[in-house]
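Got a structure for you, written out below as structure tokens; questions coming shortly.
The values are calculated or read from the model by the stated rules, or taken from the named source; none is laboratory data. Treat the numbers as computed from the prediction; the structure is a model and nothing was measured. Cβ: placed from backbone, ideal geometry, glycine included. Neighbour counts: every protein chain shown. Note: areas computed on protein heavy atoms with side chains; ligands, DNA, RNA excluded. Shrake-Rupley method; radii C 1.70, N 1.55, O 1.52, S 1.80 Å.
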Amino acid sequence: MKMLPKKCAIDCWIFVGLVLELVHGKLDFNNDLENSQKFQSIPTTVKTFENDTVLLPCSLNTPFRYVRWHRDDVALVDSRHPEILPPDRIMLWPNGSLQVANVQSEDTGDYYCEMNSDSGHVVQQHAIEVQLAPRVLIEPSGLTELQIGATFEVVCEAQGVPQPVISWRRNGHTLGLQGSSTGNRQSHITEIKSRSQSGLIECLASNGVGEQAVASVYLHVLFTPEVNLPQSVVYTKLGARAHLECIVEAAPAATVKWFHHGLPVALGTHSSSHETELQSNRSLDHYVNDVRHLLVIKNVRNADMGQYECRATNRIGARSASIELTGRPMPCIFKINPGTQSSTSHVLVWQTESLMPIMEFKLKFRQIPSNNVTRQIRTNWTELTIPAQATNGLIYITTYTLHGLQPASLYEVSVLGRNSFGWSDNSKIVRFATGGEVELPNYSTESELLNDVTEEEDIQNEITQRSDTLRASMMFNSGSAEGRGLSGALIYSICLILVFKYQ
């Protein structure tokens, strides 16, 4: 077949387009019933994927004179003009059907088949919807660093057919929508309140076609250094080697300096500082600097004693923690005495450790009236000074008997020791009855001796100790109860329960 000159072919297509416009303007799509009765084919919407081949049917119940197709307002093919080649991938079948090969996203649209026969001119509408797997873009991407107090907005744009649904995830956990949504764009806004909000933020898009699309951004929350102390008090003696330690977590990395009584520690032959990175393999997930800082005093002198400060600073801020270097004794610890107790005396045993010789102990005790447990009516503390016994090692174990106690009474007691550097901290308070003793698990030793607690807290402590007091009383008096029937200690314990019950 002889090909028309290029200019002639272009003129022909312009003419066909004008004719299609005129025809399309005169088409009556409201007469669907009349059209459907004339067509053998039925209107079809084909949902397909890229690179597939689609066949749109178009056939009449009677022979037709000609057929032409157009997509939306674009002319595709006209059987009356075989000399005009259709667009690439478009082919007209002899029965009037239209084939679209290797479909692409631009092939999505409405397709109109116009046929002319002896019975008149009819039009049938079809559609192709090329379904596309989701694609997603996120802004910002990569890595973002923000400090606590900032606002972080992430914008996600998803594309695909059908329109993808967007969801959010942080460190693998689903997030609710906290932002705005417009069309195929959605934003997520985070008010940064703590370093725990750092991590991987992901935007996920899915529409049932292929795999869901994921785009992500890493958020690193920058924060003021956090200083932790393995020991807030370091016990030592003159001439010893002392280690003061603090652990600093920071992002960005912190600079650490040591201070003694508010003045910078002079590093040199007498003292030195060292640091060890605890998180050596840092990554996007593990970005925080975690460093152990150590101040070593090689030969402790009197002037080295006192308060030290570990001060960490980065561009976000500064924070510090205090460590005491002292030669004072360690706090005393009361031990359970398994021996038999009488109704007017009580044997106490305690233990402490001191690098310097202990000279004396101060024992504090007071009675708790058994008919009322409120804090306000407790008696004042009685203090006893007890000389320390010599010992060969660093451990001091002391036994002392309190005499002249009231029978059927409750007492509480605390003890502290003194060496040449001063008094130790107060021990934990221990409560005992005539028949035994029990340690209060949640008592604050220092504040207990200096401040009153609330009535509600005090009553709760009393209640939690009732059963333990009874068990201890029965245990320590079990030896004296054998062969004597109902012992005095057992009677006392029963009375003690009744007193608590009817307060």
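Quick one: S320 ticks every box in (1) without any contact (Cβ under 8 Å) to a residue 12 or more places away in the chain; (2) touching a Cys at 6+ places or on another chain (Cβ under 8 Å) bar one, so which box is it?
Here S320 clears every test but (1).
Which one of L384, L363 is open to solvent by less than 40 Å² (accessible area, probe 1.4 Å), at pLDDT 95 or above and over 41 Å from the mean Cα position of the chain (by Cα)?
Result: L363 is the single residue among L384, L363 that is open to solvent by less than 40 Å² (accessible area, probe 1.4 Å), at pLDDT 95 or above and over 41 Å from the mean Cα position of the chain (by Cα).
Let me ask another. Are any residues in the range 248-274 touching a Leu at 6+ places or on another chain (Cβ under 7 Å), part of a strand (DSSP E or B) and over 13 Å from L325 (Cβ atoms), and if so, which ones?
Once the filter is applied, which keeps residues that are touching a Leu at 6+ places or on another chain (Cβ under 7 Å), part of a strand (DSSP E or B) and over 13 Å from L325 (Cβ atoms), the range 248-274 yields A251, S273, H274.
Okay, moving on. If I filter the range 74-121 down to residues being hydrophobic (A, V, I, L, M, F, W, C), assigned to a loop (DSSP other than H, G, I, E, B) and within 26 Å of F49 (Cβ to Cβ), which single residue comes out as most open to solvent (accessible area, probe 1.4 Å)?
Step by step, filter the range 74-121, then rank; the result is W93.
Do the conditions hold for K335, that is, is it closer than 23 Å to D425 by Cα, open to solvent by 50 Å² or more (accessible area, probe 1.4 Å) and more than 36 Å from the chain's Cα centre (by Cα)?
So K335 fits the description; yes.
Conditions first: (1) closer than 29 Å to A215 by Cα; (2) open to solvent by less than 60 Å² (accessible area, probe 1.4 Å); (3) part of a strand (DSSP E or B). R135 passes all but one, so which condition is the exception?
Unmet for R135, out of (1) closer than 29 Å to A215 by Cα; (2) open to solvent by less than 60 Å² (accessible area, probe 1.4 Å); (3) part of a strand (DSSP E or B): (2).
Output the residue which, of all residues in the range 148-189 that are at pLDDT below 90, open to solvent by 70 Å² or more (accessible area, probe 1.4 Å) and assigned to a loop (DSSP other than H, G, I, E, B), is nearest to A251 (Cα to Cα).
Here the answer is Q178.
Could you tell me whether the range 279-291 includes any residue that is at negative phi, open to solvent by 40 Å² or more (accessible area, probe 1.4 Å), outside any loop (DSSP other than H, G, I, E, B) and at pLDDT 95 or above?
No, the range 279-291 contains no residue that is at negative phi, open to solvent by 40 Å² or more (accessible area, probe 1.4 Å), outside any loop (DSSP other than H, G, I, E, B) and at pLDDT 95 or above.
Name the single residue that is nearest to I316 (Cα to Cα) among those in the range 160-188 being touching a residue at least 40 places away in the same chain (Cβ under 8 Å) and not small (G, A, S).
Taking the candidates together, the pick is V165.
Kindly establish whether S427 is of a type in the set (S, T, Y), at pLDDT 95 or above, surrounded by 18 or more Cβ atoms within 10 Å (Cβ to Cβ) and in a strand (DSSP E or B).
Here the answer is no, as S427 does not meet what is asked.
While we're on this one: What are the pairs, 6+ residues apart or on separate chains, where a residue within the range 38-63 that is open to solvent by 30 Å² or more (accessible area, probe 1.4 Å) and among the aromatic types (F, W, Y) has its Cβ under 9 Å from a residue that is modelled with pLDDT of 90 or more and part of a strand (DSSP E or B)?
So the pair list comes out as F49/V130; F49/Q131; F49/L132; F49/A133.
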